[in-house]
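The values are calculated or read from the model by the stated rules, or taken from the named source; none is laboratory data. No experiment lies behind these values; they were computed from the predicted model shown. With ideal geometry, Cβ positions are generated from the backbone for all residues, glycine too; neighbour counts draw on all protein chains shown. Heads up: the accessible areas ignore ligands, DNA and RNA and are worked out on the full protein's heavy atoms, side chains in. Shrake-Rupley method; radii C 1.70, N 1.55, O 1.52, S 1.80 Å.
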Amino acid sequence: MSNRVKLNINKSNHIATITLNDPNHLNSMTFDDFMQIGEYLDDINGIPEVLITILQSSGRMFSSGGKFEAVADMKGDDDDLKKVDKIAKLKKYLENIATPTIHMLQKFSLHKNPLICNLNGPAIGFSACMVMLCDIINIQDNNKPYLLFPFTSLGFVTEAGSSITLYQKMGINMGNEHLILSEPIKYEAMKRHGLFWKEYAGMKDTDDFNVAVQRDVVNDLKRNSAFPESITEMRRQLLYQMKQRLKAATVDEIMTTLPLWMSGEPHRRFEQLSQKKRRHKL
C-alpha cells in the first residue's frame, strides 16, 4: 500500500527501538505499517542480547491512527461487490480487518522482551490500542498526550484487544466511559490510574524525550544487574492471563465489527472526517 509511515529500527545497549518517523503526516499508519511493527517485534525475538524493546514516535503526535487513504482504498469497489458477490466482499474485509489485528496481537503477545512505549503526544484508534498493549508507558508532558478510542463515533466497535486492555489497566467504569462514549483519556486520568511509569517534563522536543528514556532504561539495567532470562520469563508470566483473554476477545471484536464495516457506515464517517463535514475529538 502506498503512503506508508516511515518505520525505523535500531539496536544498542541491550535495547531495540522501533520509531514511527513520519511527523509531517502525524505518524498516521496503513494496515501494512501495523503488520510491519509486528514483524519487527518478531525479528527482535531472535536477538538474544536485546533485553528491552521501546516503541517510540516523532514530532508532536505519537500517531493519529489509520490513514484516511488506507480506509478509502479498503472500500474500493464495494458498490460493485454488493451487487455481484457478497462472499468476495466478506473475504476482502476479513483480509483488511482481521489479518492486521490478529497478526499484531499475536506478535505483541509473543514478544519476549518487556515493551516500553514513549508516549510523546496523542495516540488515536488502532495506534492507541497498540500503546495499551505495551507493558510500561512513559509520557512527555509538553505535547499534552492522550489516548482516544473513537470507535463508536466512527461507526464500529473495539479493536486490537482494547475491550480487554482498558478494563485491565483502568477498571470497568473508566473503560466503559472511554470506549462507549469515545472520550479521550487525558493526562489527569492517566496519572490518576497509574497508566504511565515516568513523566518527562521540560523536554525541548520529542528527540530529547526519547534519548532521556533510553538513558534511564540503560542505567536501570546496569544498576539492577537483572538476569536476562528472568526478564523474559517474567514478562511471559505476567502476561499469561491477559494473553488468554485477548485471544477470546480478538475473535469477538472482529466478528462484531465486521458487519458494521460491511454496511459501509465507517466509510461514510471517515469520508465526512476527511471532507471536514464531521468533527473529530482531536
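Out of the DSSP beta bridges found with both residues in the chain, what percent are antiparallel (nearest 5)?
Details: 8 of 27 bridges.
Bridges in the chain that DSSP calls antiparallel: roughly 30 percent.
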Taking just the alpha carbons, could you work out the radius of gyration and Dmax for the chain, both in angstroms? 18.7, 65
Viscosity 1.002 mPa s, temperature 20 °C, Stokes-Einstein D of the range 134-252 from Kirkwood C-alpha radius, µm²/s: 130
Formal net charge of residues neighbouring GLN214 (Cβ-Cβ distance under 14 Å; K, R +1; D, E -1): 0
Estimated D of the range 91-198 in µm² per second, where Rh is the Kirkwood radius over Cα pairs and Stokes-Einstein applies at 10 °C, 1.306 mPa s: 111
P(r) for the range 109-148: what percent of alpha-carbon pairs falls in each 10 Å bin, starting at zero? 30, 54, 15, 1
How big is D for the range 1-160, in µm² s⁻¹ as a whole number, if Stokes-Einstein is applied with the Kirkwood radius of its Cα pairs at 4 °C and 1.567 mPa s? 79
How much of the accessible area of the chain, probe 1.4 Å, is carbon plus sulfur, in whole percent? 53
By accessible area of protein heavy atoms, probe 1.4 Å, what ranking do ASP252, ASP32 get, highest first? ASP252, ASP32
Calculate the spin-label point distance for ILE136 paired with SER263, positioning each point 7 Å from the Cα along the beta-carbon direction, and give it in nanometres. 4.3
Just the accessible area per residue of the chain, please: how many Å² with a 1.4 Å probe? 48
Starting from the Cα-Cα distance between ASN24 and GLN275, subtract it from 0.36 nm times their residue separation and give me the gain in nm to one decimal. 88.4 nm
Judged on accessible area alone, 1.4 Å probe, highest first, VAL71, VAL211 line up as VAL211, VAL71
Heavy-atom accessible area of SER63 with all protein chains present, probe 1.4 Å, nearest 10 Å²? 0
Report PHE68's accessible area, 1.4 Å probe, all protein chains in place, as a number in Å² to the nearest 10. 80
Quick one: which of LYS204/LYS247; LYS67/LYS89; LYS112/LYS204; LYS186/LYS222; LYS92/LYS112 span more than 29 angstrom between C-alpha atoms? LYS204/LYS247; LYS112/LYS204; LYS186/LYS222; LYS92/LYS112
